[in-house]
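Trainee: Have a look at this one.
The values are calculated or read from the model by the stated rules, or taken from the named source; none is laboratory data. In this text, all values refer to a predicted model and were calculated from it rather than measured experimentally. Reconstructed Cβ throughout: ideal geometry from the backbone, glycine too, with neighbour counts over all protein chains shown.
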Amino acid sequence: MKAIDNKELILALDELEKEKGIKKSYIIEAIETALVTAYKRNFDSAENVKVVMDKVTGEAHLYAVKEIVEAVEDSKLQISLDDAKKISKKSELGETVDIELVPKDFGRIAAQTAKQVIIQKLREVEREVIFSEFNDRKGEIVSGIIQKADTGVVIMDLGKLEGIMPKKEQIPTESYNVNDKIKGYVLDVVKGNKGAPQVIVSRATGDFVRKLFEFEIPEIYEGVIEIKSVSRDPGSRSKVAVYSENENIDPVGSCVGQKGVRIQNIINELNGEKIDVIEWNPDPAIYISSALLPAKVMAVDIKEEEKFAQVIVPDDQLSLAIGKSGQNARLAAKLTNWKIDIKSETQFREMLKELENSEEVEE
């Protein structure tokens, strides 16, 4: 049964295999499966059927598959041995036999089905290509135009697909409006509804700040300066620890730039978020002191095993060291990965006096 324009079909499948890398046998198998479904739907058939498409000529043949039995109870699914032998002399009980069917209008249905399957497979392949492309871009910054921003979730047009920025990945102090062009950090790529890939974008992660530094500071991009750690309160403040093995390079100065030009570009992208750039040091006491900037530190007592630091600051520096709502101390602890307890000079002296008095009582 010539159900389709066979030459065109085979040529199209050969072209797809060559240009898109979709195996011809894979599409033919999909067409065969789709044709079985289409036949059952259009002809309301309860028969057990199969479609076989010739991979060379493109001809499609529809068969009813019937079990060979002694006594036929269901003629749609079964056939007697005698009748089966008329079709194939090699027929045996318990086996199956294929009986070709030629239903009216099935050729038109087959042509439509083949076209739909090819279009579907093309879409699937294109989605996989786009998925792979963006999956390789995890950890990069992308730019997009906001399409929707009225449900808490921001939807971005990234060109080939859409970016989704959940509420928790947004900067709390920012407002997002349709048609605004914004940048975001690619957190993940997932398959959404109907298999369409979606890019999960963030502006709140510390890695967004890290990547912006790579863009703006050539020495970081080239590997001359290394970002050791980033801690962040999105929209409010970030701390970035930088280091260079080259003694002739000032890592902090290079990041800030002349008159703060380099760091200002990053601050502008983050809509005024404050950024403290500090120099990483292998000595935890020095590193923790720097991490608490802009506060001045008098002394740091380190307990290495517990990763605990007791920090002493001048009385007038205590509120600055702790920061509003404890932000400066919290960001410093996160940046260094140390527990930090901050005491003023007066508090520390009182603590020592109480300790001395308790020791005297014990004696």
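Trainee: Tell me the helices (runs of 4 or more DSSP H) entirely within segment 1-108 that contain at least 3 residues that are touching a helix residue (DSSP H, G or I) at 6+ places or on another chain (Cβ under 8 Å). Break it down stepwise before answering.
Mentor: On the way: elements: 6-19, 24-43, 81-87.
Passing ranges, in order: 6-19, 24-43.
Trainee: Here is a list of conditions, (1) outside the structural domain of VAL51 (by TED's automatic domain parsing); (2) under 25 Å from GLY21 (Cβ atoms), and ARG127 meets all of them except one; can you say which number that is?
Mentor: If we test ARG127 against (1) outside the structural domain of VAL51 (by TED's automatic domain parsing); (2) under 25 Å from GLY21 (Cβ atoms), just (1) comes out false.
Trainee: Moving on to the next point. Please enumerate the residues belonging to segment 109-139 that are of a type in the set (D, E, K, R), surrounded by 12 or more Cβ atoms within 10 Å (Cβ to Cβ) and farther than 23 Å from SER25 by Cβ.
Mentor: GLU133, ARG137, LYS138 - these are the residues of segment 109-139 that are of a type in the set (D, E, K, R), surrounded by 12 or more Cβ atoms within 10 Å (Cβ to Cβ) and farther than 23 Å from SER25 by Cβ.
Trainee: Same structure, new question: If I go through segment 85-123 residue by residue, how many of them are over 16 Å from VAL36 (Cβ atoms), among the β-branched types (Val, Ile, Thr) and touching a strand residue (DSSP E or B) at 6+ places or on another chain (Cβ under 7 Å)?
Mentor: 2
Trainee: Check segment 118-137 and report whether any residue there is polar (S, T, N, Q) and part of a strand (DSSP E or B). Working first, answer last.
Mentor: Residues of segment 118-137 that are polar (S, T, N, Q), as a first pass: 120, 132, 135.
When the remaining residues are screened for being part of a strand (DSSP E or B), the result is none.
Looking through segment 118-137, none of the residues is polar (S, T, N, Q) and part of a strand (DSSP E or B).
Trainee: Any residue in segment 128-150 that is touching a residue at least 24 places away in the same chain (Cβ under 8 Å) and among the aliphatic types (A, V, I, L, M) sitting within a Cβ distance under 8 Å of a residue that is surrounded by 15 or more Cβ atoms within 10 Å (Cβ to Cβ) and assigned to a loop (DSSP other than H, G, I, E, B)? List the pairs, counting only those 6 or more apart or interchain.
Mentor: ILE130/LEU161; VAL142/LEU158; ILE146/TYR176; ALA149/TYR176
Trainee: Only one residue in ALA295, ALA291 is over 37 Å from the mean Cα position of the chain (by Cα), closer than 20 Å to SER238 by Cα and touching a residue at least 12 places away in the same chain (Cβ under 8 Å). Which one? Walk me through how you get there before you give the answer.
Mentor: Numbers: ALA291 fails: over 37 Å from the mean Cα position of the chain (by Cα).
The conditions single out ALA295.
Trainee: Let me ask something else. Quick check: anything in segment 299-322 touching a Cys at 6+ places or on another chain (Cβ under 8 Å) and among the hydrophobic types (A, V, I, L, M, F, W, C)?
Mentor: Within segment 299-322, the first condition is being touching a Cys at 6+ places or on another chain (Cβ under 8 Å), and the residues that meet it are none.
The answer is no, given that none of the residues of segment 299-322 is touching a Cys at 6+ places or on another chain (Cβ under 8 Å) and among the hydrophobic types (A, V, I, L, M, F, W, C).
Trainee: Right, here's the next one. Among the residues of segment 24-47, is any at pLDDT 85 or above, more than 17 Å from VAL117 (Cα to Cα) and aliphatic (A, V, I, L, M)?
Mentor: no
Trainee: Here is a further query. Output the residues belonging to segment 165-185 that are among the hydrophobic types (A, V, I, L, M, F, W, C) and closer than 25 Å to PHE213 by Cβ. Don't jump to the end; show me each part of the working.
Mentor: Going residue by residue through segment 165-185, those that are among the hydrophobic types (A, V, I, L, M, F, W, C) are 165, 171, 178, 182.
Within segment 165-185, MET165, ILE171, ILE182 meet the criteria.
Quick grid of which residues meet (1) in contact (Cβ under 8 Å) with a residue 24 or more places away in the chain; (2) among the aliphatic types (A, V, I, L, M); (3) in the same structural domain as ALA60 (by TED's automatic domain parsing); (4) more than 21 Å from ARG41 (Cβ to Cβ):
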residue: VAL72; (1), (2), (3), (4): no, yes, yes, yes
residue: SER75; (1), (2), (3), (4): no, no, yes, yes
residue: ILE79; (1), (2), (3), (4): no, yes, yes, yes
residue: ASP82; (1), (2), (3), (4): no, no, yes, yes
residue: LYS89; (1), (2), (3), (4): no, no, yes, yes
residue: GLU92; (1), (2), (3), (4): yes, no, yes, yes
residue: ILE99; (1), (2), (3), (4): yes, yes, yes, no
residue: LYS104; (1), (2), (3), (4): no, no, yes, no
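Trainee: Please give the number of the condition ASP341 fails out of (1) assigned to a strand (DSSP E or B); (2) out of contact with any Ser or Thr (no Cβ under 7 Å at 6 or more places or on another chain); (3) surrounded by 13 or more Cβ atoms within 10 Å (Cβ to Cβ); (4) touching a residue at least 24 places away in the same chain (Cβ under 8 Å).
Mentor: Of everything listed in (1) assigned to a strand (DSSP E or B); (2) out of contact with any Ser or Thr (no Cβ under 7 Å at 6 or more places or on another chain); (3) surrounded by 13 or more Cβ atoms within 10 Å (Cβ to Cβ); (4) touching a residue at least 24 places away in the same chain (Cβ under 8 Å), ASP341 misses just condition (3).
Trainee: Just wondering, is there one or more residues in segment 35-45 that are farther than 14 Å from PRO103 by Cβ and hydrophobic (A, V, I, L, M, F, W, C)? Can you show your working first?
Mentor: From segment 35-45, those farther than 14 Å from PRO103 by Cβ are 37; that's our starting set.
Keeping just the survivors that are hydrophobic (A, V, I, L, M, F, W, C) gives none.
No: segment 35-45 contains no residue that is farther than 14 Å from PRO103 by Cβ and hydrophobic (A, V, I, L, M, F, W, C).
Trainee: State whether the residues of segment 87-94 include one that is loosely packed, with under 13 Cβ neighbours inside 10 Å, aliphatic (A, V, I, L, M) and in contact with a Leu (Cβ under 7 Å, 6 or more places away or on another chain).
Mentor: yes
Trainee: Also, I was wondering about something else. So which residues in segment 279-325 are outside any strand (DSSP E or B) and β-branched (Val, Ile, Thr), if there are any at all?
Mentor: ILE286, ILE288, VAL297, ILE322 - these are the residues of segment 279-325 that are outside any strand (DSSP E or B) and β-branched (Val, Ile, Thr).
Trainee: Among the residues of segment 49-60 satisfying the criterion of being surrounded by fewer than 16 Cβ atoms within 10 Å (Cβ to Cβ) and not charged (D, E, K, R), which is farthest from ARG108 (Cα to Cα)?
Mentor: Here the residue is VAL56.
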